[in-house]
Every structure is written in C-alpha cells, then in structure tokens.
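For reference, the structure discussed in these notes is given below.
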Amino acid sequence: MAKVTIIGATGNVGSFAAHTISEIPHVTEMLLMGRPGRENFLEGCCRDMSDSFAARGTQMRLAHSTRLVDVEGSDIIICTSGAPRQAGQDRNDLAVANARVVAETAEIVGERAPDALLLMVTNPVDVMTAVALKYSELEPWQVFGLGTHLDSMRLKALIAGYFKVHVSEVHTRIIGEHGESMVPLWSATTIGGIQICNLPTFSGIPHREMMETVRSSGQFIIKNKGATVYGPGEAIATLVRTILGDENRILTVSGYIKSEVHGIGDACIGVPARLNRKGVFPVPIRLEEQEVAGFKASVDKIRSLTAEVLERLENDC
Ligand SMILES: NC(=O)c1ccc[n+]([C@@H]2O[C@H](COP(=O)([O-])OP(=O)(O)OC[C@H]3O[C@@H](n4cnc5c(N)ncnc54)[C@H](O)[C@@H]3O)[C@@H](O)[C@H]2O)c1
Ligand SMILES: O=C(O)C[C@H](O)C(=O)O
C-alpha cells in the first residue's frame, strides 16, 4: 500500500508519469497536484485516467489538489514542477527560476511529509535535488533526482541496437551531470554479462557518436515535438516501482555524495545507488583514471552552479 503524489501533474512529464505509475500494483493512492487555478484541468485528468483504469481493471484512489499541504501521508512525492527548456536552451539556464519553485515546494514537503521520499525531476535536476535537500531538511537518502538514469537508458538502447541484442542483455551506466558533462562508464558496461572491452567487436563501436546522441537526445526531442515525455515518464516509473517493491536494484540517480567516489563529492550528482523502501543509498565505486577525471569535472561544475543558485535563493529572502 502506498500513496504517490505528483507535483506538476498538469505538465507533460507529470501527467504521463502519473499514468505510468498507476500501473504499479503497490500504488493504492495517487494524488495529482497542480497550481491554483488548474482545478478544472486536474479534474479532467482524473476523469480521463479513471476511464483508463476501467479499461485495464486498475483499482486505486485517485485525487487531485492545488494545496501543497495535501502531500501529507505520501510515501513518494515526485516533483516535476517548473519550466522546461526551450529548443536551443541549456538545462542550466533554468536553474535560478526553477530553484525558486523547488525551494518553496520542498519546504512544505519537509514539514508535511517528513517520512516521504522526494524524487526530483525538474531541471537542472542535479542542482534541483540539492535545493530540495536543503529546503526540505529531509535526510540525504530521502531526496534524490532522476539524474542520469534516463541517459543510461538512452545509451543502453543504442548499445543494444548496435550489437543486435535485447536491452536486458546490456548493463551500462552514465554518471555525473544530467547534462553536457555526463560521463559514460565503459568500464562498467557489459553485454550478456561480458565486459564490453572483452568483445572482439568492441573496438568498432562508435563511442563518440553514441554519446553525442545521448547528450543531444533531450534537445533533439524538444526541437521536434516540444517536450520529452515517454522516456522520462517510464524512467520515473521504474524508480517508483523499484522503491515500492523494495527491490534493492542499483540505478543511476542523482543523490548526495560526500566523498564516496575517489574522494570526490559534496554535491548531488548522478551515481549508482541502491534503491529500496527506505530510500536511496549511493554505492561507493572505483573508476578508471579517465572516468575519474571526467566525473571530477562534472561534480565541480554542478557544485559551483549549486552554490551560485543557493546564494541567489538566500539573497531573495
Ligand atoms: N530530469 C529529467 O530527466 C527530466 C525529463 C523531462 C523533463 N524534465 C523537467 O521537468 C520539468 C517539467 O517538464 P514538462 O515538460 O512537464 O513541463 P510543462 O511545462 O509541461 O509542465 C510544467 C509543470 O510545472 C508547473 N509549473 C511551472 N511553473 C511553475 C511555478 N512557477 N510554480 C509552480 N508550478 C509551476 C506547471 O503548472 C506544470 O504542471 C522541466 O523542468 C523539465 O526540464 C526533467
Ligand atoms: O532535455 C531536457 O530538457 C529534458 C530532459 O532533461 C531530457 O533529457 O529528456
């Protein structure tokens, strides 16, 4: 039994994520939350979703609200509220404006749902995770971001396509920023359980092109259809399913690390973490030299942007 709340449920990602999450058997109650003035839209969303429940036999309590205090009693709260980037913009351009929305939301979440897990989706997601952690005053294992999970899925699909194998045969990770400085871990990439560098065909794999495709996927989709929806929606649902099922899967999400990776840290950043009902626990890892350098650069970038954003928020007060 679990209550899941989606803040930003009137938006592209929030509304699709809600529908995907409604398929998870552990979810017995779902609250769709939007801004004041969006009551009719939310009502429409609930009615529309209920129709789909009737078609597929889903049974759950579905409610909507425009009052953040109604997060009370939630097991998982997903925050997708805030502006998305427009074609040509960088995710980091959204940092200050979205941090204002996130800080206000996180404060209320911390007060009203102190036992909940808070999943950040709003971009730039690593910085927003740090803002949410600070303003909610929740524990580090309670606050996490979608991070590089979606990027890792994108790379996985490209590798599976290249080797003509089912995606379940490919394990790979991208760590660091959900953005330009993300770092692929080829050292942790396996196909059918075999390390990719031990496959004779490995030298031919177009690494650079694959990473270029992953890095530009969000921008490509936004330019062509306005928003990324299905990828993030399914990625969010995977995290929720893993947590509510207490599965202890290791997924690459944005979590607070102190110094777990080669002494690098003090930032919320994409790292492999164990996910269960208690929360999100980054796994200490060892990387190859080149990967360490890339990860350090990525963490430095996010740490300094986070500091800048937090300072702007303090100056607002
Ligand atoms: N981390 C990821 O992988 C990932 C993937 C997709 C989208 N995103 C991010 O998620 C966010 C939402 O994307 P979307 O495509 O659903 O956008 P959208 O414009 O469709 O929806 C935005 C939602 O946020 C709410 N909102 C906007 N400004 C607000 C404010 N000032 N106060 C309160 N609520 C506000 C809107 O009411 C709406 O519900 C964006 O920041 C986007 O970049 C992240
Ligand atoms: O690219 C974006 O702005 C949306 C999201 O972060 C994505 O990668 O799909």
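The values are calculated or read from the model by the stated rules, or taken from the named source; none is laboratory data. Given the structure is predicted, the values throughout are model-derived calculations rather than measurements. When we count neighbours, we look across all protein chains shown, and the Cβ atoms used for this are built from the backbone with ideal geometry, even at glycine. Side chains included, ligands, DNA and RNA excluded: accessible areas come from the protein's heavy atoms. Shrake-Rupley method; radii C 1.70, N 1.55, O 1.52, S 1.80 Å.
Numbers at a glance
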| quantity | calculated |
| --- | --- |
| Subset of the range 183-231 [away from ligand 2 (no atom under 16 Å from the Cβ), open to solvent by 30 Å² or more (accessible area, probe 1.4 Å) and over 22 Å from T252 (Cα atoms)] | N198, L199, P200, T201, F202, S203, G204, P206 |
| Flag for S216 being modelled with pLDDT of 95 or more, under 19 Å from N92 (Cβ atoms) and within 13 Å of ligand 1 (Cβ to nearest atom) | no |
| Matching residues in the range 189-239 - criterion: being in contact (Cβ under 8 Å) with a residue 24 or more places away in the chain and under 12 Å from T172 (Cβ atoms) | T189, I191, I196, I205, M210, M211, V214 |
| Selection status of H26, open to solvent by 50 Å² or more (accessible area, probe 1.4 Å), out of contact with any Leu (no Cβ under 6 Å at 6 or more places or on another chain) and closer than 25 Å to T129 by Cβ | no |
| Yes/no for N98 being in contact (Cβ under 8 Å) with a residue 12 or more places away in the chain, under 21 Å from S217 (Cα atoms) and not charged (D, E, K, R) | no |
| The range 145-182, residues that are surrounded by fewer than 17 Cβ atoms within 10 Å (Cβ to Cβ), part of a loop (DSSP other than H, G, I, E, B) and acidic (D, E) | E180 |
| Selection status of T228, part of a loop (DSSP other than H, G, I, E, B) and touching a helix residue (DSSP H, G or I) at 6+ places or on another chain (Cβ under 6 Å) | yes |
| Count of residues meeting criterion [of a type outside the set (A, V, I, L, M) and in contact with an Asp or Glu (Cβ under 8 Å, 6 or more places away or on another chain)] in the range 11-55 | 1 |
| Evaluation of R100 against (1) under 17 Å from G8 (Cα atoms); (2) open to solvent by less than 60 Å² (accessible area, probe 1.4 Å) (one fails), failing number | (2) |
| Which numbered condition K164 fails, given (1) over 22 Å from A297 (Cα atoms); (2) touching a helix residue (DSSP H, G or I) at 6+ places or on another chain (Cβ under 9 Å) | (2) |
| Of the criteria (1) open to solvent by 60 Å² or more (accessible area, probe 1.4 Å); (2) over 18 Å from I236 (Cβ atoms); (3) within 11 Å of ligand 2 (Cβ to nearest atom), which one N92 fails | (1) |
| Subset of the range 183-208 (residues that are part of a helix (DSSP H, G or I) and over 26 Å from D93 (Cβ atoms)) | W186, S187, A188, I196, C197, N198, P200, T201, F202, S203, G204, H207 |
| Test: residue in the range 259-281 that is of a type in the set (G, A, S), out of contact with any strand residue (DSSP E or B) (no Cβ under 7 Å at 6 or more places or on another chain) and in a helix (DSSP H, G or I) | no |
| Among the candidates T129, T122, T105, residue that is part of a loop (DSSP other than H, G, I, E, B), buried (at least 24 other Cβ atoms within 10 Å of the Cβ) and among the β-branched types (V, I, T) | T122 |
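Condition check ((1) within 12 Å of ligand 1 (Cβ to nearest atom); (2) in contact (Cβ under 8 Å) with a residue 60 or more places away in the chain) across all residues:
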site: P114; (1), (2): no, no
site: L118; (1), (2): no, no
site: D126; (1), (2): yes, yes
site: K134; (1), (2): no, yes
site: W141; (1), (2): no, yes
site: L155; (1), (2): no, no
site: H166; (1), (2): no, no
site: R173; (1), (2): no, yes
